[in-house]
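The values are calculated or read from the model by the stated rules, or taken from the named source; none is laboratory data. Predicted model, so just to flag it, every value in this text is computed and none were measured. When we count neighbours, we look across all protein chains shown, and the Cβ atoms used for this are built from the backbone with ideal geometry, even at glycine. For the accessible areas, the whole protein counts, side chains as well, though only heavy atoms, and no ligand, DNA or RNA atoms are used. Shrake-Rupley method; radii C 1.70, N 1.55, O 1.52, S 1.80 Å.
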Amino acid sequence: MHITAKVDYAVRTLVELAAVGPDPAKAEFLAKSQVIPHKFLEAVLSDLRRGGLVNSRRGPDGGYWLARSANEITIADVIRAVEGPLASIRGQRPEDVDYGGPATPLKEVWIAVRVNLRAVLENVTLTDVAGGELPEFIHELTADPEAWNRR
């Protein structure tokens with residue numbers, strides 16, 4: 001899975017908002033605290049607002065805040081808000097792709113990939129990350145030394 005800068009910035013921004021609490025945070029603060037280019041962050045925040053993950057208000061008391069509780073927003077929600085589906089094949093859902101001949105089983109492979117992505121990304125919330133208390137299954141997955149080896 002390729003995690004784009006946009007997704008990385010979006011997740012980090014929402015984790016920062018989860019950590020600072022319910023008060024609005026200025027885009028300048030978010031950009032500085034997470035070392036994100038301000039102009040890029042503005043585009044990300046716009047996607048997050050359209051995706052229903054943040055609210056915003058202009059003015060001296062304005063800023064951005066989470067639209068829902070941090071424990072209700074998963075990493076999968078963030079990815080979908082800024083990039084679309086977790087797994088797609090040439091822009092199509094895995095279940096909509098048809099292959100013939102010896103490639104026919106690939107459809108099941110792509111669906112299995114999506115299931116595994118969901119198993120992790122739909123079960124880790126902003127609260128988990130912001131609080132530094134990841135679910136136990138994450139620690140189990142990353143405890144395998146092979147998990148850390150690049151291939």
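Only one of Ile36, Ile138 is under 24 Å from Leu17 (Cβ atoms), at pLDDT 95 or above and buried (at least 16 other Cβ atoms within 10 Å of the Cβ). Can you tell me which?
Residue meeting the stated conditions: Ile36.
Return yes or no: is Val54 crowded, with 18+ Cβ neighbours inside 10 Å, within 21 Å of Ala119 (Cα to Cα) and either charged (D, E, K, R) or under 15 Å from the mean Cα position of the chain (by Cα) (or both)? Write out each step before concluding.
Working: crowded, with 18+ Cβ neighbours inside 10 Å: yes; within 21 Å of Ala119 (Cα to Cα): no; either charged (D, E, K, R) or under 15 Å from the mean Cα position of the chain (by Cα) (or both): yes.
In short, no.
Within the stretch 9-32, is even one residue closer than 24 Å to Gly131 by Cβ, hydroxyl-bearing (Ser, Thr, Tyr), open to solvent by less than 80 Å² (accessible area, probe 1.4 Å) and not in a helix (DSSP H, G or I)?
Filtering the stretch 9-32 down to residues closer than 24 Å to Gly131 by Cβ leaves 9-27, 29-32.
Filter once more, keeping what is hydroxyl-bearing (Ser, Thr, Tyr): 9, 13.
Add one more test, that the residue is open to solvent by less than 80 Å² (accessible area, probe 1.4 Å), and what stays is 9, 13.
Retained after the next criterion (residues that are not in a helix (DSSP H, G or I)): none.
No, the conditions are met nowhere in the stretch 9-32.
Here are Ala67, Ala76, Ala81: which of them is touching a strand residue (DSSP E or B) at 6+ places or on another chain (Cβ under 6 Å) and within 30 Å of Ser56 (Cβ to Cβ)? Walk me through it before giving the result.
Numbers: Ala76 fails: touching a strand residue (DSSP E or B) at 6+ places or on another chain (Cβ under 6 Å); Ala81 fails: touching a strand residue (DSSP E or B) at 6+ places or on another chain (Cβ under 6 Å).
On inspection, the qualifying residue turns out to be Ala67.
Output yes when any residue across the stretch 93-115 is modelled with pLDDT under 95, surrounded by fewer than 16 Cβ atoms within 10 Å (Cβ to Cβ) and among the basic types (Lys, Arg), and no when none is.
yes
This table checks each residue for (1) modelled with pLDDT under 95; (2) under 23 Å from Thr4 (Cβ atoms); (3) hydroxyl-bearing (Ser, Thr, Tyr); (4) open to solvent by 60 Å² or more (accessible area, probe 1.4 Å).
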residue: Gly62; (1), (2), (3), (4): yes, no, no, no
residue: Ala76; (1), (2), (3), (4): no, yes, no, no
residue: Glu83; (1), (2), (3), (4): yes, yes, no, yes
residue: Asn123; (1), (2), (3), (4): no, yes, no, yes
residue: Ala130; (1), (2), (3), (4): no, yes, no, no
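Go through the stretch 33-42 and report how many residues are more than 17 Å from the chain's Cα centre (by Cα) and not in a helix (DSSP H, G or I).
Our first condition is that a residue be more than 17 Å from the chain's Cα centre (by Cα); within the stretch 33-42, this holds for 33, 35, 37-39.
If we keep only those that are not in a helix (DSSP H, G or I) as well, we get 35, 37.
So the count comes out to 2.
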